[in-house]
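Structure, as structure tokens:
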């Protein structure tokens, strides 16, 4: 449940009262016109009723209260709404706190608000509420208001109040601040009744009627006020078939800058090669040059940043090549570790290349050689020159398993001259959830769907039975905790937890698999300096009976490591990174521990924590407490495992939908090809 505001600041109370004074001033100093002329009498005859308006157009709704009529208003429970709530309270309007979820999984107090609304109407109070639900889309009526009318038996009165002088803010609903000394127009439509036995089809029909009527009365109110209704129109989402937006100045500057700094690219790559972050033998690929010939026939190009994204799309690649005979796949990635994973797990029909650096010349060389029929970017991979040149080459662009952090969204949103020219070039975006889908739609994507996370449906990372047996022999039955995908700053916390746990659990070993294996040597030295007995897998060493911490700094072996332990800590979560994928650990039957910072996998961890399929820890001492509890209680371990399985089952389904969506974008075979297939 969303938290109720526990305390209203003095500043918020003062600001709310100031808004109330402004509303009274607008009413007192403006000339008023009503339609119909007996509007107030109609509201009295409909009382108690549900007065509906659009979000952002509610400031002057208190002006529609007839003398002696008690009114309640539904106000959301977040901080911004608290300001509105204080203004309503100052105008003697009773507050009902809560709002619909607007498609989100987060509880915003909708059930409590529904109960409060029904109670208010039953008590003889009219209800004021917006028909559309934050965060949009604006001007789309939700079913919440229809549901209230159905259960209360009271009519909905669509209404609007407009003034000739106003300011419209650049919010999702174009929040309007009405100004004094205006011509004030108030308009109401005919009451809409929702039968108590209304079925879903009837409710949808009445929802559309309310939506259309609200648009009509809002337009009419602005006409009567002598104001331009276009000024309050919310941003229109781009539609399929709209032309892509041309690059603005900042994006053009980026394109030219990346072209100009190409002479420095070899120096940058040389530096990264010395750090082990580039493959010197394959450097030409970073310039869009390949020694591999393009295969004949249809070619689908997938691009994934690194290991996590590669793991997400590998099942999609496998499914496509299985379903479409003769289809070839090109996978580009940007890291040495992901290249190693691709070498191990790509099917025979697929080719791996390093992605070219994001300069227009390199992108054009890459596209000229490979000539893909479809481009599939993964998650949050937005490279401007690659996207622009791919679009100019006439290649359909998609983004699958799409995600975007709130901070990234704000940056893109603040630069429409950069974001719109890029995101309007995608033919399809398949987002991980509805919240993310809305973000991509706001940034200009013309066709966006939310279908879930591909990583839920991905098979668990493979187990190497030979290596697993070698590790089991080496550990000789010792209890093992796996710490997977750890980041800098976490290992020392985990090592301290191991030190404390080893006092109670004889022979305990911790296997640490850093997210970036190149950190392995430095990590091993740091732990040795603190007195731990450390072995390092990349050096070809197996743990022995004295090993406290085993640094598993290799790639492609997480499945084997998870199979070695009943319990796994998933990293990137004790530090401000945002977490790593917990799904692989759950698939291998491990009980999952996570730190508090898991925002990058919010859907997964929310489901896991809700069903008891993971446990959140904040410190070494909490890790110790939880591990000891699980180690001493097999029933607790079984409950966590079962909760994990149930959580993943609730989130599955993205793989099949992704494959179907991409198949629809592939070039259609000619009749001759179809005849050949049937004959064969």
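The values are calculated or read from the model by the stated rules, or taken from the named source; none is laboratory data. What you see is a predicted model; the values in this text were computed from it and never measured. In this analysis, Cβ positions are derived from the backbone assuming ideal geometry, glycine residues included, and neighbour counts consider all displayed protein chains.
For this structure, a couple of remarks:
Yes/no matrix, rows are residues, columns are (1) crowded, with 20+ Cβ neighbours inside 10 Å; (2) on the phi > 0 side of the Ramachandran plot; (3) not in a helix (DSSP H, G or I):
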{"site": "368", "(1), (2), (3)": "no, no, no"}
{"site": "375", "(1), (2), (3)": "yes, no, yes"}
{"site": "386", "(1), (2), (3)": "yes, no, no"}
{"site": "397", "(1), (2), (3)": "yes, no, yes"}
{"site": "437", "(1), (2), (3)": "yes, no, no"}
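- Test: residue in segment 606-624 that is outside any loop (DSSP other than H, G, I, E, B), over 30 Å from residue 406 (Cβ atoms) and touching a helix residue (DSSP H, G or I) at 6+ places or on another chain (Cβ under 6 Å): yes
- Matching entry among 542, 492 (being at negative phi, surrounded by fewer than 19 Cβ atoms within 10 Å (Cβ to Cβ), in contact with a helix residue (DSSP H, G or I) (Cβ under 7 Å, 6 or more places away or on another chain) and in the same structural domain as residue 591 (by TED's automatic domain parsing)): 542
- Any chance residue 511 is assigned by TED's automatic domain parsing to the domain that holds residue 403 and either part of a helix (DSSP H, G or I) or touching a residue at least 12 places away in the same chain (Cβ under 8 Å) (or both): no
- Taking (1) under 30 Å from residue 417 (Cβ atoms); (2) touching a residue at least 24 places away in the same chain (Cβ under 8 Å); (3) under 35 Å from the mean Cα position of the chain (by Cα) in turn, residue 207 satisfies each apart from (1).
- Which numbered condition residue 468 misses (of (1) in contact with a helix residue (DSSP H, G or I) (Cβ under 8 Å, 6 or more places away or on another chain); (2) outside any loop (DSSP other than H, G, I, E, B); (3) buried (at least 21 other Cβ atoms within 10 Å of the Cβ); (4) touching a residue at least 40 places away in the same chain (Cβ under 8 Å)): (3)
- Those residues of segment 59-101 which are part of a loop (DSSP other than H, G, I, E, B), under 26 Å from residue 435 (Cβ atoms) and either at pLDDT 85 or above or touching a helix residue (DSSP H, G or I) at 6+ places or on another chain (Cβ under 7 Å) (or both), in sequence order: 98, 99, 100, 101
- Selection count where residues are under 24 Å from residue 636 (Cα atoms) and surrounded by fewer than 24 Cβ atoms within 10 Å (Cβ to Cβ), scope segment 565-578: 3
- Elements of type strands (runs of 3 or more DSSP E) contained in segment 140-198, each with 1 or more residues being touching a helix residue (DSSP H, G or I) at 6+ places or on another chain (Cβ under 9 Å) and surrounded by fewer than 24 Cβ atoms within 10 Å (Cβ to Cβ): 166-168, 176-178, 183-188
- Among (1) over 20 Å from residue 550 (Cβ atoms); (2) in contact with a strand residue (DSSP E or B) (Cβ under 8 Å, 6 or more places away or on another chain); (3) assigned to a loop (DSSP other than H, G, I, E, B) - the single one residue 637 does not satisfy: (3)
- Residue check, residue 229 in contact with a helix residue (DSSP H, G or I) (Cβ under 9 Å, 6 or more places away or on another chain) and surrounded by 20 or more Cβ atoms within 10 Å (Cβ to Cβ): no
- Residues of segment 293-304 include at least one that is without any contact (Cβ under 8 Å) to a residue 12 or more places away in the chain, within 21 Å of residue 343 (Cα to Cα) and assigned by TED's automatic domain parsing to the domain that holds residue 437.
- Options 435, 403, 364, 392: the member that is under 20 Å from the mean Cα position of the chain (by Cα) and either within 29 Å of residue 277 (Cα to Cα) or free of Cβ contacts under 8 Å to residues at least 12 places away in the same chain (or both): 403
- Being modelled with pLDDT of 90 or more, part of a loop (DSSP other than H, G, I, E, B), assigned by TED's automatic domain parsing to the domain that holds residue 259 and buried (at least 20 other Cβ atoms within 10 Å of the Cβ) is a property that residue 421 lacks.
- Matching residues, segment 240-269, being surrounded by fewer than 11 Cβ atoms within 10 Å (Cβ to Cβ) and within 24 Å of residue 343 (Cα to Cα): none
- Taken together, the residues in segment 308-365 that are assigned to a loop (DSSP other than H, G, I, E, B) and either modelled with pLDDT of 95 or more or at negative phi (or both) amount to 14.
- Flag for residue 526 being outside any loop (DSSP other than H, G, I, E, B), within 23 Å of residue 479 (Cα to Cα) and at pLDDT 95 or above: no
- Residues (surrounded by 19 or more Cβ atoms within 10 Å (Cβ to Cβ), touching a helix residue (DSSP H, G or I) at 6+ places or on another chain (Cβ under 7 Å) and under 12 Å from residue 335 (Cα atoms)) located in segment 270-305: 278, 286, 304
- Taking segment 403-416 as the range and being assigned to a helix (DSSP H, G or I) and modelled with pLDDT of 90 or more as the test, the residues that pass are 408, 409, 411, 412.
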